[in-house]
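The values are calculated or read from the model by the stated rules, or taken from the named source; none is laboratory data. This structure is a prediction, so every number in the text was calculated from the model and none was measured. Heads up, the Cβs are rebuilt from the backbone with ideal geometry, glycines too, and the neighbour counts pull from every protein chain shown.
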Amino acid sequence: MPLPSCGGSLGVSSPSCGVLLLFSSPAGGFAPCRGPVEAGVSARIDVLRIVLIGLIVLCHGGRYLGVLVPFDGPVVQFAATAFNRGPACLAVPLFFAISGYLLLRKLELTPAGYVQLMGRKLYSIGLPFLLFNAIWIVWFLWVGSIAQFGGRSYILEAGILPKLLGYDTSPVNYPLWFLRELLKIFAITPVFLLFLGRLPRAGLALLFVLWFVERPADEYGFCGFAFWFYCGGLLARSGLDLGDTARLDRWVLPLFVLATAVVGLAPWLTQDVVAYAVGKRFYQILGVVALWCLSRQPWIMGSGLLHRMAAASFFIFLTHEPTVSILQTRLLAVWRPEGAAAQLVAFMLPGLVALILLYWLARGLSRFTPKLYAVLTGAPLRKRRAAPTAA
């Protein structure tokens, strides 16, 4: 019995029917999609790239507040906690879901195809990972330390190779742990394809359970990343119309606001790390759906600025550290924020400045040194076409 193809007889426009479809899939599983990604969905994915990177940069840019500068009262602590542990923590699972959606929707692997896939990913992700770790290892060893980011003794104690590869430790450029985990997820792509073709529902349920038991005291974990990646691929092949989410707004968005407020109150509500991690996993599920619903808004999906910045989102991610650490140090040298309003401004300021500076740096590099920019970001090098000869 042939597998039903995505968007064909299984195509549905109702989100509620689509969710039902996920849990009542044919015994044979879901076949790869045949058509392109719907234009509206593609536009939402594009703007979400920079929105999610922006959340990460703002979170890292404001992390000094409460550490180097004590919170000026519970209001600031609540706001910083709600943002850092709320929306900012949704960037990682949503990135994995989007990656799975884009890769698994059409993929059919052979052994040779698997080798080609991993070769492409090692170039597009592994090369920037190594470059932007090696650059700062060399800097620490030969130039000096960077406050809030690292230094020579930090590298030598952990070991140069472990910090370069992020093996059994965080990489020297700590946000790049995400790329390391993404490469590991790509490496087990055949497992996801097996689930999609034979056991789509059981595969989703298994990964969900493993996510909760793998690291009980941590909302993140490899099985959690696998769950989100697989979930994205399953949604892509299910025929669910991801562009039709308007009817979800009335209950998803208010629940998301309420849940984010609860996350902000967590320091006063519980000290049980396991219970907190369980709650944060369910918050991830609600939050990922809420951010996707928000992305349909015209001022987000139709923003020319966000689409332009999205082209530089990977470069911004690769370089936002130690940029925000340097900006934090410079800011504190001239201004010690006091009072709730001042601290809330200071929380956002390093991240916003970093986003602007790195966007324009990306624009400049891509225009004036396109080959260097391509290597730094793992983009394919474009070969110049030979000029036509005169007849």
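Being among the hydrophobic types (A, V, I, L, M, F, W, C), under 22 Å from the mean Cα position of the chain (by Cα), at pLDDT 95 or above and over 22 Å from Gly224 (Cα atoms) is the requirement here; does Ile50 meet it? I'd like the intermediate steps shown before the answer.
Details: among the hydrophobic types (A, V, I, L, M, F, W, C): yes; under 22 Å from the mean Cα position of the chain (by Cα): yes; at pLDDT 95 or above: yes; over 22 Å from Gly224 (Cα atoms): yes.
When the stated conditions are applied, Ile50 passes them.
For the range 230-268, enumerate the residues that are over 22 Å from the mean Cα position of the chain (by Cα) and basic (Lys, Arg).
Result: Arg247, Arg250.
Return the pair list, or none, for Cβ contacts closer than 7 Å from residues in the range 195-221 that are in contact (Cβ under 8 Å) with a residue 24 or more places away in the chain and within 14 Å of Pro93 (Cβ to Cβ) to residues that are not hydrophobic (A, V, I, L, M, F, W, C) and not in a helix (DSSP H, G or I), at least 6 apart or on different chains.
Going by the 7 Å Cβ cut-off, the qualifying pairs are Trp211/Gly221.
What's the total number of residues in the range 98-111 that are hydrophobic (A, V, I, L, M, F, W, C) and either within 15 Å of Leu55 (Cβ to Cβ) or without any contact (Cβ under 8 Å) to a residue 24 or more places away in the chain (or both)?
First, pick out the residues of the range 98-111 that are hydrophobic (A, V, I, L, M, F, W, C): 98, 102-104, 107, 109.
The next check asks that each one be either within 15 Å of Leu55 (Cβ to Cβ) or without any contact (Cβ under 8 Å) to a residue 24 or more places away in the chain (or both); those that pass are 98.
Count: 1.
What residue, among those in the range 244-271 that are touching a residue at least 24 places away in the same chain (Cβ under 8 Å) and among the β-branched types (Val, Ile, Thr), is farthest from Val41 (Cα to Cα)?
Val263
Somewhere in the range 335-343, is a residue touching a strand residue (DSSP E or B) at 6+ places or on another chain (Cβ under 7 Å), part of a helix (DSSP H, G or I) and either among the polar types (S, T, N, Q) or buried (at least 17 other Cβ atoms within 10 Å of the Cβ) (or both)?
yes
Scan (1) of a type outside the set (S, T, N, Q); (2) touching a Gly at 6+ places or on another chain (Cβ under 6 Å); (3) crowded, with 19+ Cβ neighbours inside 10 Å for the single condition Leu127 breaks and write down its number.
Condition (3) is where Leu127 drops out.
Can you name the residue in the range 272-289 that is touching a residue at least 60 places away in the same chain (Cβ under 8 Å) and not β-branched (Val, Ile, Thr) and is also surrounded by the most Cβ atoms within 10 Å (Cβ to Cβ) among such residues?
Checking each candidate, the answer is Gly287.
From the list Gly40, Gly126, Gly100, Gly35, which one is farther than 27 Å from Leu352 by Cα and touching a Phe, Trp or Tyr at 6+ places or on another chain (Cβ under 7 Å)?
Working: Gly40 fails: touching a Phe, Trp or Tyr at 6+ places or on another chain (Cβ under 7 Å); Gly126 fails: touching a Phe, Trp or Tyr at 6+ places or on another chain (Cβ under 7 Å); Gly35 fails: touching a Phe, Trp or Tyr at 6+ places or on another chain (Cβ under 7 Å).
Answer to the selection: Gly100.
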